[in-house]
Amino acid sequence: MGGAGMGPYVEGHVLSWLIFIPGGTALFLLAVSVALRIFFGASGLPGVVWRAIGLGGSGLALLVAGVGVLGQFDPEGIGHQMVERAPWLPGYGIHYFVGVDGISLFLVLLTALVVPLVLLASWNQVERDLASFVLFVLLLETGLLGALLSLNLLQFYAFAELSFVPLWLIVGVFGGAGRIRASTRLILYSAAGSVVSLVALLIVYQLGFEQTGVWTLDWIGQASSGTPGLIDVRIPIAGEDVAVWRTQPWLFAAFALSFAIRIPMLPLHTWMPEAHVEAPTAGSVLLSLVMLEVGAYGMMRFALTLFPNAAADAVPLLFALAVLGILHGALVAMVQRDLKRLVAYACLAQLSLAMLGVFSLSLHGLIGGVVQLVSFGLTSSALFLLVGVIEERRKTRDVSELGGLAKPMPVFAAILGVTVMASAGLPVLSGFVGQLLILLGSFAVDARAALGAGVGLVLLAAALLWMFQRVALGPVEKAENRGLIDLDWRERSIFLALLVPILWIGVHPNPVLRRIEPSVLELMKQIDERRDLAPILTLHDAEPSDLASPIETSDGDGV
Amino acid sequence: MITHDHVLALSALLFCAGAVGALLRRNLIVVLMCIELMFAAVVVALVGFDRMWAARAVADSVPMEGRVFAMIGIAVVAAQLAVGLAILVSLVRNRDSMDIEDARLLRW
Amino acid sequence: MLSEVTSSFLRFIPALPLLTGVLHLVSIGLLRRRLSARAVTTISSAAHTGALLLSILAFWELIALDDNAALVDRVGTWIGVGVAPSVFTADLAFRFDALSAIFCLVVAGVGLLVQVFAAGYMEADQRDDRGFQRYFGYSDLFLASMLIVVLADNLVLLFLGWVGVGIFSYLLIGFWYAEQVSARAATSAFVVGRVGDLALVIGIVLVFWTLAAAGSATLRLGEIEAALQAFDGVSFALPVWLGGHPIAVAVIAGFCFLIAACAQAAQLPFLLWLPGSTAAPSPASALVHGACMGAAGVYLLARLSFLFAIAPEAAALMAWIGVVTALLSAGLACVETDIKRVLAYSTATHQGFMFLGVGAGDPTAAVHHAVSHAFFQPVLFMGAGVVIASLRQEHNLLRMGNVGSRIHLTRICMWIALLSSIGVPPFWSGYFSREQILVAAHDALLIPLHAPLYVLALVAVGLLAFSVVRLMYLALYGETRFPGEIRMRIEEPEPIMLRPMAILATLCVLGCTIGLPQAWADLFPFSVKDSDSIRRFLAGVLTTSAVEQSPSSWSVSGQVVGMTVLGALPAALLYVFRPELPQKLETRFAWLHGLVANRFYLDVLFERGIVQPMLTLSDRVLGRWLDQRLIDGVVVDGTARLLQRLSDRVLKHTEPGTIQLYLALMLVGGLAMVIWLLRAGGAA
C-alpha cells in the first residue's frame, strides 16, 4: 500500500521529505520572521504562532513517518528501502544517500512521535524566547532524522553534529541555574569525541581509496566490496624494515569513543546527569533521544560493521563496561534525592543494557538491543515528562518534598506506576521483550555478564519502585501536596500517546520483531563477510598499476 | 664614478639604519620614521637595479624595469604611512603617551 | 510425551477475568466512571463463573481422552525471533493436562468463592469508598495471571503470568496506598519477587540454550520434557574460587527455578516479605496466600519435576528449604500476635511442606496438599477478616477474645478448616496429603540425609498445630479483651460472605475423597475403589522418584497424628484452661520469646547488613567518589584545568605584546628566508 494518496514524487522521496519538513518549517518561520522585522518593523512572529506552526510541522513529519514510511515499508525486504541517492560532491564520493531499514525504522518513528509531544508538553513551561525554542527543537529533529537515515558516513556525521548544536542551545538558554556549565560540558565533551571520530573518518576515507581506488564514504557498498577501513597498513622504513600499523583497533577505538561518550557508557557518562538536571523538561527528553540515536545507533550501524575484528576483540571490555553501567546506574539511582538525577542514572542503566545486547553480536542480542532502545526512548521520555509535571506544579524535584501524591493526583500516579514498571521491564509492557532477548543473547556469549546484568536489572527495579513509593504512595505529609491538580486533558493525551506504543510493543511485539529481524540478519551478515577480509596494504610502495591487484590478504588476524 | 655597488651599499646602509632605529628607539613616531627609512632604502635599491639592468632590458625585451617597481613601492609606502599614522594617532590619543612600551595591546 | 489434542476455548479461561479486570481499571482510570457495586460484582462473578465452567468443561474433555493426553489451544505467535538452530518462539498457547486441570479448577473455583466473599466484605469496609471497583479490577487481573501461569504452554508465557501475579499482588498488598505500612510492604514484596523473576529468566535462558545446543530449541513444556536428554553431560565449571568442579546444567537450572519458586512462596531466604503482605485486604489475603502465590511456586516445581529428577542436588536443597521454612515459620507463628500474620506464617509452613514433598520426590503429594491448602486456608483468612472487621479493624490477637459465640457459623467453618489445616484424620483432606509428604520424606531416595528431614518435619507439624489452635482460642474464646460495647454489636456476617466459607469448609471434608490412600480405604467396611484417584490422574504428568508408595506406613501416620495432638493439646491447655500461663512463660523465657517475636532479627539483619551498606556504598563510593570526584573532578575537570594551566603558565608567554620584539622576529625570519632561497636557488 502506498502513502495514502501522496503523489509519486512524494512517495519516491518520502525520506527526504521526512527529514527536511521540521527543519524546513523552522527556517520558513525564521524567514517570515526576519522579513516581518525588516519590511514591517514588527518584532517578528509572535511565539504562539511559532509554536502552533512548529507543532504542525512536526505533526506533519509524524504523519509522513507513520503513513509514508511505515506504510511503505516491506517487512520482508532485505537491505535498505526507500533509498535515495543524489550526487553532492561526486568527485569526493560524497553523496546525499538516505535509506531506511528495520533498525532505523522504529527509531525514526520514535523520534517523529516524541518531538511533537515535547512541543505539546512545553506549552506552559517556556514563556520567553518561544520562537528560539521551537526553532531549536525543529532543527534538532531534522538533525536526528537525518542521522538515522543517512547511509553516507560523512552525512551521518554532519547530521549528528547538527542535532547536537540545538540541544546545547536548549540546555544553555532554557535550563536551570547551572545551565552554562552543564551545556558547555555537554557540547565540549561530545565534540571532543566527535573530533576524534572525524579524524578516524578521514583515515577510513583515505584507506578506502587505497584499497579500492574509489573515493567513497557510502558505507554500504554492494555486498561488501568497496568497503573501507579494514586494513592494516604496512609502512616501509628505509629499505628492509617494515612497520605494521594495525589500523582497525585504533579506528574502532576512535569511533567507539565518540559514540560511547554520547550514549553514554561508563566511564564517560558524567556529563549526562548534570545535563539532565539543568536542562528543561523538553531538553531532557530530547537529550535522551539524541543520546540513544546518535550514540547507540551509530555504534551499531557504523562502529561494529566497519571494524568487526576489532569489535570482536573488544567485546570482553565492552561487555564489562555495559554490565558495570547497569549496576552503577541502578545503584546510584537508588540514592538520589533529585528526581531528575534519579531518572538520568536509570537511563544510564537502561542504555547500558541495550548496549550489552548490541555488543553480544548475536541475533537475539541485537534484536533485543534495538527493541530495548525503542522502549527506552518511550519510557524515558514519559519519565522525564512526568518529572516535569511535578516540577511544574511543585517547583521542586526533591523526593523528600513529595509523597502520597496518589491521593490528589491519582491519574498521574497510575501513569507513573505503569511507566516505572515498563522501565523495570515487566512483561506486557515494552521493556520486557528487549530485556529477555538481551539476556538470552548475552548469556550465550558470557554467562556471568548476563547474570550481572540481571542483578543490575533487579536493582534498577528496586530503585524505580522505591522512587514510586516515596513519590506517590503513603500518606500526604506536606501540606503543599494536598491541593495539587491532576493532569489535564493535554497532559493526559501526551502520556496516552506514549503509553499506547509501550503497551502495544509489550502485548504484540511480533510485528515489530518481524521487521527488525531481516535487517539485523543483514547487519550480521555484513559483519561476518567483512571479518574475513583483512588485507594488508603496503603504503608508499604501490605503483598505479599495482592498484589492480595489490592487496595481499592476510589471514588469522584476530578472527 | 658612482657604480651600482655604491647605490646598493647606500641602500643597505639606509636599511640597517632604519632597522636598528625601529628596534631600539622608544618613541612611536621615531619608530615609524625608521620604518619609512627602511622603505626608502628599498626604493633606492630598486632604482639602482633599474639602472643596472637597463641595457639588458632593451636587448632581451625582458621587462626588468625597476622604475616601475619603485613607483609601485612609493604608492605602497604612502598607503602604509596613512594607515600607520592613523593607528598611531588613535593610540596616542587613548594613552596620552608616545612611548612604545605603552602600546601593549597585543599582550596576553 | 503427551499426545496433544487441539482445543479452541482454553484461551477464554484466563481471558474472561482478564477482560473484566481491564474493564474495571480502564473505567475508573481513563473514563473516570465508577460502576455501581452491584454491577461490578455481577460482571466479575460472571467472568469467574465462566472461567470455572470452562475449566470444568475442559476437564470433562480431558478425562474422556486417553491417559496421556493434553488439550492445547494455540492462539498465535507472541514472540518469534531467530533462525535455526536457535529459534526463539514463545506462542500465545494454552495447555490443559492433568496438572493444569487440577490447579485450574482449584484456582478458578476458589477464586470465585473468594470473589463472592469479597463482594460482601469490601462493601462493608468503610475505609476507602473509591476502592470497590479498583479492588475487583486488581483481583480479577490477579486471578487471570494465575490462570495464565497454570495454563501456559511454554515457559515464557508462564513467566508472563508469573510476573503478573507479582504485579497484582503488589497492587493488592498496597491497596490502601495512603498508608505507609501498606506502601512499604508492597514495595518490598515486589522487589523480592523481582529477584525470583530474575532467577526464573536465567532458568529459562539456560534451558533454551541447552536445548538449542542439542538441536531442539524450544520452550514448550511438553517438548522440554521430551528433549530432556539434552541435559546429559552438559555442565558448567564453577569458578576457581568456588572449587572449580563442574555442576550439571540441569542442577543449575533447577536451582534457578527453585529460587524463583521460593521467592513466590515466601520460603527462605525470602521469608521476609510475608509479614508485611498482610496489609492487604482480607479477601485479597485469602486469594493470594490461599490459592495463588505459593501455589504458583509449587505448580512450577511440580511442572518441572522431570528436571528435578535429574538434578538431585537441587531437589535436596528444595526439601531442606521447605522443612526449615516450615519449622521457622511455625515457630514464628507461635508467638506472633497479629492474627493475619499467624495465618500468613501457617501458609508458609504449609508451602514448606509442599516444597518438601516435591524435593523428596513425590510431587503428587505436594499437589494434593496444595489442593487441600486451597480449601482450608482461605476459610481461615476469611474468618479472620470477619473477626477483624467485627472488632473495628483490630488485628491484635491479644485484644480479641470471646467473639466466637456471636459468630458461631463462622466459627464452625473455621474449626473445620482448622482441623484440615492441622491434619486430623480421617475425614479431612489436609491430613492425607500431609501424611503422604511425610511418608515421602521418611523414605526419600534422592536425599542423602533424610532422617533429620523427617524429624524436623514432624516438629513443624507439632508447632503448626500449636500455633493455629492458639489462634483459634485467642481470637474466639476466652475472656473479652476488647471494649464490651462492641461485642454487643457483633453479628454473623451476611450470607454472601458466609456461603463461600461454608462451601469451602465442606470441600475440606469432602476433599479427602480424591486422595485417600488405599490402606485407609481398606479400613472402610464397604469397598471403596479408585480411592487414590489424584495420584493416578497425575501419574502421566508428574515424575515421581521417591520409593514406590508403600501403601501407608502406619508408623508414619501414627507419628504424624501424635505430633499433631502433642501440639494442639498444650495450646488448648494454655489458652483455655490456664490463660495466665502464657504470660508467665513469656517472662520466664523472655530472651527466647524476644528472639522469636522479633523474627530472629532477620529483617533487622537484612536491613542493616545488606540494604544500608549497599545504599551507603552507592551514595558515597559510586555516586560521590567515583562519579563526582574521580571521573568528573580528576579526569574531566582535571583535563580542563590542565589545559588552563598550560596556557596560563607556558603558552601565554609567547605573546608578550612588545612590538619591537615582533619586528625583530620578522626581520630575522625574513633574512633567514632570503639566505635559504639564495642557497637553494644557487644549488638548483
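The values are calculated or read from the model by the stated rules, or taken from the named source; none is laboratory data. Keep in mind the model is a prediction, meaning the values are calculated, not measured. Every residue, glycine as well, gets a Cβ built from its backbone with ideal geometry; the counts of neighbours run over all protein chains shown.
If a residue counts only when it is modelled with pLDDT under 75 and in the same structural domain as C:Val424 (by TED's automatic domain parsing), which helices (runs of 4 or more DSSP H) contained entirely in the stretch C:472-525 have at least 3 such residues? Lay out the reasoning, then the answer.
On the way: elements: C:484-489, C:495-510, C:518-521.
In the stretch C:472-525, C:484-489, C:518-521 are the helices (runs of 4 or more DSSP H) which contain 3 or more residues that are modelled with pLDDT under 75 and in the same structural domain as C:Val424 (by TED's automatic domain parsing).
Filtered by the rule that a residue be under 20 Å from A:Phe252 (Cα atoms) and within 10 Å of another protein chain (Cβ to nearest Cβ), the stretch A:335-365 gives a lone residue, A:Ser362.
Of the listed requirements (1) in a helix (DSSP H, G or I); (2) within 9 Å of chain C (Cβ to nearest Cβ); (3) touching a Phe, Trp or Tyr at 6+ places or on another chain (Cβ under 7 Å), A:Val374 misses just one: (2).
So is C:Ile252 part of a helix (DSSP H, G or I) and of a type in the set (A, V, I, L, M, F, W, C) or not?
Yes, satisfied.
Candidates A:Thr419, A:Thr396: the one that is of a type in the set (Val, Ile, Thr), free of Cβ contacts under 8 Å to residues at least 24 places away in the same chain and more than 9 Å from every other protein chain (Cβ to nearest Cβ) is A:Thr396. Note down all Cβ pairs under 8 Å where the first residue falls in the stretch B:1-21 and is farther than 28 Å from C:Leu665 by Cα and away from chain C (no Cβ under 14 Å), the second is part of a helix (DSSP H, G or I) and among the small types (Gly, Ala, Ser), and they're at least six residues apart or on different chains. That search, which allows pairs on different chains as well, returns B:His4/B:Gly48. Of all residues in the stretch A:427-436, none satisfies being more than 9 Å from chain C (Cβ to nearest Cβ), part of a loop (DSSP other than H, G, I, E, B) and over 27 Å from A:Leu513 (Cα atoms).
For the stretch C:110-228, the helices (runs of 4 or more DSSP H) that sit wholly inside it and include 2 or more residues that are within 14 Å of chain A (Cβ to nearest Cβ) and modelled with pLDDT under 90 are C:131-151, C:155-173, C:180-213. Condition check for C:Glu123 on (1) surrounded by fewer than 24 Cβ atoms within 10 Å (Cβ to Cβ); (2) over 23 Å from C:Glu394 (Cα atoms): one failure, at (2).
For C:Leu307, state whether it is in the same structural domain as C:Val342 (by TED's automatic domain parsing), part of a helix (DSSP H, G or I), in contact with a helix residue (DSSP H, G or I) (Cβ under 7 Å, 6 or more places away or on another chain) and buried (at least 24 other Cβ atoms within 10 Å of the Cβ). Taking the combined requirement at face value, the residue does not satisfy it. Do the conditions hold for C:Asp232, that is, is it among the acidic types (Asp, Glu) and crowded, with 23+ Cβ neighbours inside 10 Å? For C:Asp232, the condition - among the acidic types (Asp, Glu) and crowded, with 23+ Cβ neighbours inside 10 Å - is not met.
Number of residues in the stretch A:169-194 that are in a helix (DSSP H, G or I), in contact (Cβ under 8 Å) with a residue 40 or more places away in the chain and away from chain C (no Cβ under 14 Å) equals 7.
Where helices (runs of 4 or more DSSP H) fall entirely within the stretch C:568-684, those with at least 1 residues that are within 60 Å of the chain's Cα centre (by Cα) are at C:581-588, C:590-597, C:602-606, C:612-616, C:638-645. Just one of the listed residues (A:Ser493, A:Ser442) is more than 10 Å from chain C (Cβ to nearest Cβ) and either assigned to a helix (DSSP H, G or I) or over 23 Å from A:Ala346 (Cα atoms) (or both), and it is A:Ser493. Quick one: would you say C:Leu258 is surrounded by 23 or more Cβ atoms within 10 Å (Cβ to Cβ), out of contact with any Lys or Arg (no Cβ under 8 Å at 6 or more places or on another chain) and either under 27 Å from C:Gly322 (Cβ atoms) or modelled with pLDDT under 85 (or both)? Here the answer is yes, as C:Leu258 does meet what is asked.
Within the stretch A:477-488, identify whether any single residue is in a helix (DSSP H, G or I), touching a residue at least 12 places away in the same chain (Cβ under 8 Å) and within 11 Å of another protein chain (Cβ to nearest Cβ), and answer yes or no.
no
Filtering the stretch B:70-108 to residues that are within 11 Å of chain C (Cβ to nearest Cβ) and either in contact (Cβ under 8 Å) with a residue 60 or more places away in the chain or closer than 22 Å to B:Val43 by Cβ (or both) leaves B:Leu91, B:Ile100, B:Glu101, B:Ala103. Taken together, the criteria place A:Pro501 among residues that are more than 9 Å from chain C (Cβ to nearest Cβ), over 27 Å from C:Val207 (Cα atoms) and in a helix (DSSP H, G or I). Evaluated against (1) charged (D, E, K, R); (2) at pLDDT 90 or above; (3) not in a helix (DSSP H, G or I), A:Lys407 falls short on exactly one condition, (2). Set side by side, the residues A:Ala131, A:Ala158 differ, and just one is in contact with a Phe, Trp or Tyr (Cβ under 6 Å, 6 or more places away or on another chain), in a helix (DSSP H, G or I) and over 22 Å from A:Glu274 (Cβ atoms), which is A:Ala131.
Tell me, please, whether a residue that is of a type in the set (S, T, N, Q), without any contact (Cβ under 8 Å) to a residue 40 or more places away in the chain and within 14 Å of chain B (Cβ to nearest Cβ) can be found in the stretch C:584-595.
no
A:Val411 satisfies every condition listed in (1) within 11 Å of chain C (Cβ to nearest Cβ); (2) among the β-branched types (Val, Ile, Thr); (3) buried (at least 22 other Cβ atoms within 10 Å of the Cβ) except (3). For the stretch C:274-303, give me each residue that is at pLDDT below 80 and within 10 Å of the chain's Cα centre (by Cα). Of everything in the stretch C:274-303, those that are at pLDDT below 80 and within 10 Å of the chain's Cα centre (by Cα) turn out to be C:Cys292, C:Met293, C:Gly294.
Residues checked against (1) among the aliphatic types (A, V, I, L, M); (2) surrounded by fewer than 24 Cβ atoms within 10 Å (Cβ to Cβ); (3) part of a helix (DSSP H, G or I):
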{"position": "C:Leu332", "(1), (2), (3)": "yes, no, yes"}
{"position": "C:Arg341", "(1), (2), (3)": "no, yes, yes"}
{"position": "C:Ala348", "(1), (2), (3)": "yes, no, yes"}
{"position": "C:Gly361", "(1), (2), (3)": "no, no, no"}
{"position": "C:His368", "(1), (2), (3)": "no, no, yes"}
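Scanning the stretch A:79-111 for residues that are part of a helix (DSSP H, G or I) and free of Cβ contacts under 8 Å to residues at least 40 places away in the same chain turns up just one, A:Pro90.
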